[in-house]
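For reference, the structure discussed in these notes is given below.
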Amino acid sequence: MAEVMKEEKLLETMSPIMTVNKLSLFYGEKQALFDINMSFYKNEITALIGPSGCGKSTLLRSINRMNDLISSVKITGGISYKNENIYGANTDTVDLRKEIGMVFQQPNPFPFSIYENVVYGLRLKGVRNKAILDEAVETSLKASNIWDEVKDDLHKSALGLSGGQQQRVCIARVLAVNPDILLLDEATSALDPISSGKIEEVLLELKKEYTIIMVTHNMQQASRISDRTAFMLMGKLIEYEKTSSIFLNPREKETSDYVSGKFG
Ligand SMILES: Nc1ncnc2c1ncn2[C@@H]1O[C@H](COP(=O)(O)OP(=O)(O)OP(=O)(O)O)[C@@H](O)[C@H]1O
């Protein structure tokens, strides 16, 4: 009990790595996010949950400005990260996306070797030194728990790997550029339960060094691995709390109905 209270106290006193301030987002005329306010914390996994179309991916993509790639998008409010609004004029979105990397639902390795997939971002940065590249490949593949499976096949195509292995290579590709925050958009939903479990183990290890924000439809997954959970509905953030509170003692009726499977 004392340990639990100590942990709760610690969670409450931590300062956020990123804060979303009054964020609203429109796709043309359609408003997809309504006045979102929330903070994310270092070395935690935050899960975004809610029924299809509630805005989880939109919110996730706002965090590294992936939505900028859609011309109809208009955003109000902001997101502060490292004392700057990422929507301010000073933000270089290419740099931002290196610091805040993203892993997608479908594993999307490039049609190159495993090695070239992992070093892709470093090559773009102009890194040529083979020793540095080799080191990054080994470290990143180890961190995504796939090194032992591929270390003898680094120069074979990543497309020859299973879906779960491809997804871990995609995580390694993000890690190689040394990000701060990892965004995962339903990164295990296309995988079988064993591959999905391996990714969950990887995420639990990675949170010791990184901050992880993930969209998931899988409530068991959110309750198993996340520290905090945000429940969204129709573009609004309904409730955002420690994961145990959301699942065991939700404040809002909508949250309670959703986590108990009454809708969604
Ligand atoms: N590129 C887009 N152009 C127009 N509307 C969009 C676009 N992307 C998403 N939307 C709309 O914004 C709303 C939120 O979508 P979003 O994909 O963020 O929801 P979600 O909660 O991630 O859904 P899912 O769980 O099904 O992936 C939906 O109504 C969706 O139709």
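The values are calculated or read from the model by the stated rules, or taken from the named source; none is laboratory data. As the structure is a prediction and not an experimental result, all values here were calculated from the model. Methodologically, a virtual Cβ is constructed for each residue, glycine included, from the backbone with ideal geometry; neighbour enumeration extends over all protein chains shown. Surface areas here come from the heavy atoms of the whole protein model, side chains and all, with no ligands, DNA or RNA. Shrake-Rupley method; radii C 1.70, N 1.55, O 1.52, S 1.80 Å.
Assorted remarks:
- Debye intensity ratio in log₁₀ form over the Cα atoms of segment 1-260, taken at each q of 0.12, 0.13, 0.14 Å⁻¹: -0.74, -0.86, -0.99
- Where Rh is the Kirkwood radius over Cα pairs, Rg/Rh for segment 158-215: 0.94
- Peptides 106-112, 90-96 ordered by packing proxy, namely the average of other Cβ atoms within 10 Å per residue, highest first: 106-112, 90-96.
- The loop-placed trypsin sites (Lys or Arg not before Pro) in segment 166-245, going by DSSP, that have at most 13 neighbouring Cβ atoms within 10 Å of their Cβ come out as 208.
- Span from the segment 64-128 Cα centroid across to the segment 208-250 one, whole angstrom: 23 Å
- The chain - mean residue ellipticity at 222 nm from DSSP helices (-39,500 (n - 2.57) per run, n ≥ 4, rounded to 500): -11000 deg cm²/dmol
- Once the gyration tensor of the Cα atoms in segment 85-128 is diagonalised, the equivalent ellipsoid follows with semi-axes of 24, 15, 6 Å, ordered largest first.
- Listed residues 140, 71, 62, most fluctuating in the chain (Gaussian network, C-alpha, under 10 Å): 71
- Alpha-carbon Debye profile of segment 22-94, log10 I(q)/I(0) at 0.12, 0.14 Å⁻¹: -0.33, -0.45
- Of all accessible heavy-atom area on segment 1-260, the percent that carbon and sulfur account for (1.4 Å): 52 percent
- Karplus 3J(HN,Hα) series, Hz, for segment 178-188 with 6.51 cos²θ - 1.76 cosθ + 1.60 (x for Gly, Pro): 6, x, 9, 10, 10, 10, 10, 9, 6, 5, 10
- Among 159-166, 181-188, the order from most to least packed when residues are scored by Cβ within 10 Å on average: 181-188, 159-166
- Applying a threshold of 27 Å to the alpha-carbon distances of 82/207; 198/236; 98/207 flags 198/236 as lying beyond it.
- A Gaussian network model of the chain, with springs between Cα atoms under 10 Å, assigns the largest mean-square fluctuation among 17, 194, 171 to 194.
- Protein heavy-atom accessible surface, 1.4 Å probe, per residue over the chain: 49 Å².
- Amide H contacts for residue 113 (H built 1.01 Å from N in the peptide plane; partners 5 or more residues away or on another chain; cut-off under 5 Å): 158.
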